[in-house]
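Some notes on the structure that comes next.
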Amino acid sequence: MRRRDILFALLLGLGIWQALVWITGAPHFILPSPWRVAQAAYKSRVIILDNAWITALEVLLGLLLGSLLGVATAVQLTLFKTAERLMLPILVFTQAVPVFALAPLLTLWFGYGIGSKVVMAVLIIYFPVTSAFHDGLSQTSQGYRDLGASMGATRFQFLRYVQIPNALPSLGTGLRLAAVYAPIGAVIGEWVGASKGLGYLMLLANGRAKTDLMFAALIVLACLTVLLHIAIRKLALRLTKYAEGR
Amino acid sequence: MLDAPRIYLKGQHVIAGDPLFSAELCLPAGRWTCLLGPSGIGKSTILRLILGLETGGDFNGSIQASDDAGLDGRVSFMAQSDLLLPWLSVLDNIVIGAQLRGDTPDYERAKSLLERVGLSGHQNKKPPTLSGGMRQRTALARTLMEDRPVVLLDEPFSALDAGTRADMQELAAEVLHGRTVLLVTHEPAEAARLSHQILVMTAKGIDIWPSPKAEIPRDITAEETLSCQGALLEHLREMTL
């Protein structure tokens, strides 16, 4: 995407929004105009930033912990075949439980602070990261396996020098998925029970018919998510480049 | 330097109840043997059996070394695909065997081997930036780094252009001198240049084909080499009819 295209798309989006406001003639507490939202954002900038910081922290911590946990699980599944046989079905089964349904329980267990939101984000990204990385680790070519076997490679060293580097592009794919899911997890956690965060702010604004503030919080959340995507995409690209020797 | 053993293999290989081949062959100590035959006849399987790798079948028979020691840890191999790790530099690829065993790599020796295969000055490059010939040179240096008395080659030069291939044949003959080598190939010219012993594999068994007398690598234009190559090609063509 070129910068000019992005700018154009942005203006187009704002144009359609404004047009909708004019055509429908909706009152500002139903559909506020872009200008009104900008004013609300400026007026409440301190409170928005405070809450955005909390949400960003939840997302980043969740992403970090969830990825570490996913990577560790994938490595352990690859090293121990018994673990793979026993744990994979359990992992797949747990995916049948909608994580959102767990949100009230997590709030009960981990409280109203950021803890329950981080856990929520961890739970939601753990599986995609584990599964993508584990697939990558399992897809080591027969040629490399033969080479390792003929050289008398130990399982651990083979994992370290061949399988893990070879699976980095797959890990990148998992991380990109995680970057999509993590903010969803954090915000849902905030909706269920929180005293801070953009999700909390949106609920609060909605309850008081401050639709313009709600839109402002929503846009800030979207911007944060986009920034996260860009950063993770760059990281994934780096991992792929490394694995391809570029 | 190293005592290369003679290797003797005899037996039958069965895949899911169907016999693939029944074979008997001997690899003379410290010499080059080339194994030719139609695709799918089991040439690579023989190589994998000697290497002790998974073959997807059962082998009923024996593989013995003349010194009665096991072959474990004494055989290295080189395939058509160079199997270089793209994320490692040329130098790190050469010492990968030590890394995989958890030993300390001998970088000095690796550097001298790089020089020997004509790659000095390329040690920090990544494999994707090298030509096919340079990658196979790196793979050859990696094989030499393992310093095993028995070396098995599975069509390692077949993907190279003719000139590069001839260069690589000469280099391999020189640096693998004194080792027991088995080269699986489709190329009669390669067999005529490089073999002390030529073996032709069929479903019925393995036959010895007369090889030229001159020392390897043989002159490509020598009459003896050319006539061996021609007769061998003729023989292989008759087999596929």
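Residues of the stretch A:131-146 whose accessible area (probe 1.4 Å, heavy atoms of protein chains only) drops by at least 20 Å² once all protein chains are present, relative to their chain alone: A:GLY143, A:TYR144, A:ASP146.
By the helix-only formula, in which each DSSP H run with n ≥ 4 contributes -39500 (n - 2.57) and the sum is divided by residues, chain B has a 222 nm mean residue ellipticity of -10500 deg cm²/dmol.
Karplus-based coupling profile of the stretch B:83-96, in residue order and whole Hz: 6, 7, 8, x, 7, 9, 5, 3, 4, 5, 5, 5, 9, 4, with θ = phi - 60° in 6.51 cos²θ - 1.76 cosθ + 1.60 and x standing for Gly or Pro. Distance from the Cα centre of the stretch A:178-246 to that of the stretch B:207-241, in angstrom? For the stretch A:178-246 versus the stretch B:207-241, the Cα centre distance is 70 Å.
Per residue of peptide A:159-171, the mean number of Cβ atoms on other chains within 10 Å of the residue Cβ is 2. Panel values: the stretch A:10-105, Kirkwood radius from alpha carbon pairs, Stokes-Einstein at 4 °C and 1.567 mPa s, translational diffusion coefficient 71 µm²/s.
Under a point-charge model restricted to the Cβ atoms of Lys and Arg (+1) and Asp and Glu (-1), what is the dipole moment magnitude of the stretch A:169-246 relative to its Cα centre, in debye to the nearest 20?
With Lys and Arg at +1 and Asp and Glu at -1, about 280 debye.
Ordering B:MET168, A:ILE54, B:MET145 by the projection of their Cα atoms onto the charge dipole of the protein assembly as shown, which places +1 on the Cβ of Lys and Arg and -1 on the Cβ of Asp and Glu, puts A:ILE54 at the extreme positive end.
Any lysines with Cα under 20 Å of the A:LYS241 Cα? List them, leaving off those in the same chain fewer than 8 positions away. A:LYS241 reaches B:LYS125, B:LYS126. Buried area at the B:A interface is about 1900 square angstrom, summed over both chains, from accessible surfaces computed with a 1.4 angstrom probe.
Using 31 Å as the Cα-Cα cut-off, could you pick out the over-long pairs in A:LYS117/A:LYS234; A:LYS81/B:LYS10; B:LYS10/B:LYS213? Pairs exceeding 31 Å: A:LYS81/B:LYS10. Across the stretch B:1-54, counting alpha-carbon atoms alone, Rg and Dmax equal 12.6, 43 Å.
With all pairs of separate Cα atoms included, chain A yields a Kirkwood hydrodynamic radius of 20.4 Å.
Roughly how many whole Å is it from the C-alpha centroid of the stretch B:1-52 to that of the stretch B:63-85? Using only Cα atoms to place each centre, the spacing works out to 12 Å.
Over chain A, accessible surface divided per residue gives 57 Å², non-protein components excluded, 1.4 Å probe. Ordering of A:216-229, B:86-99, A:5-18, A:107-120 by packing is B:86-99, A:107-120, A:216-229, A:5-18, highest average first (other Cβ atoms within 10 Å, averaged per residue). Please work out the C-alpha center-to-center distance from the stretch A:41-92 to the stretch A:110-174 and express it in whole Å. Distance between centres, Cα-based: 14 Å. A:ALA186: net charge of surrounding residues, Cβ under 15 Å, Lys/Arg +1, Asp/Glu -1, itself excluded? Once positives and negatives cancel, what remains is 0. By accessible area, using a 1.4 Å probe on protein heavy atoms only, the stretch A:168-246 has 66% of its surface on carbon and sulfur. Largest mean-square fluctuation among B:LEU49, B:LEU27, B:LEU183, in a Gaussian network model of chain B whose springs join Cα atoms under 10 Å apart, belongs to B:LEU49. Does the stretch A:5-56 classify as rounded, prolate or oblate by the C-alpha gyration tensor (a ≥ b ≥ c root eigenvalues; a/c under 1.5 gives rounded; else a/b over b/c gives prolate, otherwise oblate)? It is oblate, given that a/c is not under 1.5 and a/b is not larger than b/c. Counting, for every residue in B:90-96, the Cβ atoms of other protein chains within 10 Å of its Cβ and taking the mean gives 1. Suppose we look only past 20 Å in the calculated P(r) of the stretch A:64-203. What percent of the Cα-Cα pairs does that tail hold? Of all Cα-Cα pairs in the stretch A:64-203, 53 percent lie more than 20 Å apart. With the Kirkwood sum run over all distinct C-alpha pairs, chain B has a hydrodynamic radius of 18.6 Å. Sorted on the mean count of surrounding Cβ atoms within 10 Å across their residues, most packed first, peptides A:130-140, A:93-103 read A:130-140, A:93-103.
When the solvent-accessible surface of protein heavy atoms is calculated with a 1.4 angstrom probe, in what order do B:VAL150, A:VAL92, A:VAL122 fall, highest first?
The ranking, largest first, comes out as A:VAL92, A:VAL122, B:VAL150.
Ranking B:LEU119, B:ILE50, B:PRO212 by Cα position along the charge dipole of chain B, where only Lys, Arg, Asp and Glu carry charges on their C-beta atoms, puts B:LEU119 farthest toward the positive end. If you model the stretch A:64-134 as an ellipsoid using its alpha carbon gyration tensor, with each semi-axis the square root of five times an eigenvalue, the axes come out at 25, 13, 9 Å, biggest first. Taking chain B as a Gaussian network of alpha-carbon nodes connected by springs under 10 Å, the highest mean-square fluctuation of the residues B:ALA214, B:ALA79, B:ALA162 belongs to B:ALA162. By the Cα gyration tensor, the stretch B:104-213 has an equivalent ellipsoid whose semi-axes, rounded to whole angstrom, run 28, 16, 12 from largest to smallest. In sequence order, the stretch B:44-59 has phi-based couplings of 5, 5, 4, 4, 5, 5, 5, 6, x, 9, 4, 10, x, x, 10, 10 Hz under the Karplus curve 6.51 cos²θ - 1.76 cosθ + 1.60, θ = phi - 60°, and Gly or Pro positions carry x.
Across all directions, the shadow cast by the convex hull of the protein assembly as shown built on its C-alpha atoms averages 32.2 square nanometres. Solvent exposure of chain B amounts to 44 Å² per residue of accessible area, where only protein heavy atoms count and the probe is 1.4 Å. Sorting A:208-214, B:53-59, A:198-204 by average packing, meaning the other beta carbons within 10 Å per residue, from highest down gives A:198-204, A:208-214, B:53-59. Residues in the stretch A:154-164 carry Karplus couplings, in order, of 7, 4, 5, 5, 4, 4, 5, 8, 10, 5, 5 Hz; the curve used is 6.51 cos²θ - 1.76 cosθ + 1.60 with θ = phi - 60°, and Gly or Pro positions show x.
For the pair A:THR94 and A:ARG3, the difference between a 0.36 nm per residue extended length and the Cα-Cα distance amounts to 28.6 nm.
The C-alpha atoms of chain B define a longest principal axis, and helix B:162-175 lies at about 80 degrees to it. Measuring max minus min along each principal axis, the C-alpha atoms of the stretch B:9-143 give extents of 50, 32, 28 Å (largest first). The fraction of all Cα pairs in the stretch B:42-104 landing in successive 10 Å bins from 0 to the largest distance is 16, 39, 32, 12, 0, given as whole percents.
Taking the 1.4 Å solvent-accessible surface of chain B as the whole, the part contributed by carbon and sulfur is 48%.
The values are calculated or read from the model by the stated rules, or taken from the named source; none is laboratory data. Values in this document were obtained by computation on a predicted structure and should not be read as measured data. Methodologically, a virtual Cβ is constructed for each residue, glycine included, from the backbone with ideal geometry; neighbour enumeration extends over all protein chains shown. Only protein heavy atoms, including side chains, enter the accessible area calculation; ligands, DNA and RNA are left aside. Shrake-Rupley method; radii C 1.70, N 1.55, O 1.52, S 1.80 Å.
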